[in-house]
Amino acid sequence: MALTVADIITDHQAYAQRRPDLRRQMLPVRAERRVRVGDIVVAEFENEQTLRYQVQEMVYTERLTAPADVAHEIDAYSRLLPGSHALTATLFLELDVLATVRDELRRLAGLQHSVLLEIGGTRVAGQEIPGPDEDPEVASETVSVHMVRFALGEQARDLFRDPDVPAELVIDHPAYNDGTPLTGATRRALIADLALRG
């Protein structure tokens with residue numbers, strides 16, 4: 001990410017004054033990148049602007065001031081940057097009934113490995129991005145938040161960048177099967193992400 005420690009406000013009082021305006025600015029950006037798939041799953045596609053905001057919020061809420069701690073947050077979120085041949089999303093499982101959360105997560109086990117982009121009939125499987133402290137060789141437990149990367153080959157990228165080619169975000173899991181077309185402002189934002197270098 002082009003973000004550096006110097007770009008992050010560590011004067012928490014100063015940030016608190018700017019925070020409401022920054023939140024208002026981010027709401028429409030996040031709204032056009034938010035895709036609901038069925039009644040439980042929501043994906044928020046990331047870009048540099050959304051990740052910069054998340055780093056700043058983490059620094060503020062955790063009251064971080066040490067440059068090394070801020071750099072750690074930047075490194076953690078940089079893994080979610082899209083590139084010219086990859087889109088990334090944070091996947092949320094919206095489970096509102098506390099008493100049944102564990103049962104629902106067991107029912108949905110492996111859902112983070114069942115996320116796909118379907119582009120003109122071609123399916124691109126999402127790959128889970130492990131947390132910075134997780135061993136990528138160890139299978140992750142299904143929890144309420146996961147990060148996913150969609151690596152696109154040249155053909156899939158070219159098809160996705162053509163707004164006339166249908167594209168859909170799909171969950172193909174034995175206990176949860178649904179899809180949502182990627183159209184309008186969302187599709188335009190994601191096409192712009194694929195124009196990035198990398």
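The values are calculated or read from the model by the stated rules, or taken from the named source; none is laboratory data. Note that the structure is predicted; figures quoted are calculated from it, not measured. Ideal geometry is used to build each Cβ from the backbone, glycine not excepted, and the neighbour counts take in all protein chains shown. The area values use the complete protein model at the heavy-atom level, side chains included, leaving out ligands, DNA and RNA. Shrake-Rupley method; radii C 1.70, N 1.55, O 1.52, S 1.80 Å.
Here are some notes:
- Test result for G179, of a type in the set (G, A, S), at pLDDT below 95 and either open to solvent by less than 50 Å² (accessible area, probe 1.4 Å) or under 25 Å from A189 (Cβ atoms) (or both): no
- Neighbours by Cβ (under 8 Å, 6+ apart or cross-chain): first from region 81-106, modelled with pLDDT of 90 or more; second of a type in the set (F, W, Y) and surrounded by 11 or more Cβ atoms within 10 Å (Cβ to Cβ): P82/F45; A86/F150; L87/F45; L87/F150; T88/F45; T88/F150; A89/F45; A89/F150
- Among strands (runs of 3 or more DSSP E) entirely within region 60-169, having at least 2 residues that are open to solvent by 30 Å² or more (accessible area, probe 1.4 Å) singles out 122-125, 145-151.
- E57 being part of a strand (DSSP E or B), among the charged types (D, E, K, R) and crowded, with 16+ Cβ neighbours inside 10 Å: no
- Residue pairs meeting the criteria (Cβ under 8 Å; at least 6 apart or on separate chains; first under 27 Å from D103 (Cα atoms), in region 135-154; second assigned to a loop (DSSP other than H, G, I, E, B) and at pLDDT 95 or above): V148/G126; R149/G126
- Qualifying positions in region 21-33 - basic (K, R) and within 16 Å of A192 (Cβ to Cβ): R30, R33
- Identity of the residue in region 14-52, open to solvent by 10 Å² or more (accessible area, probe 1.4 Å) and of a type in the set (D, E), that ends up farthest from the chain's Cα centre (by Cα): D21
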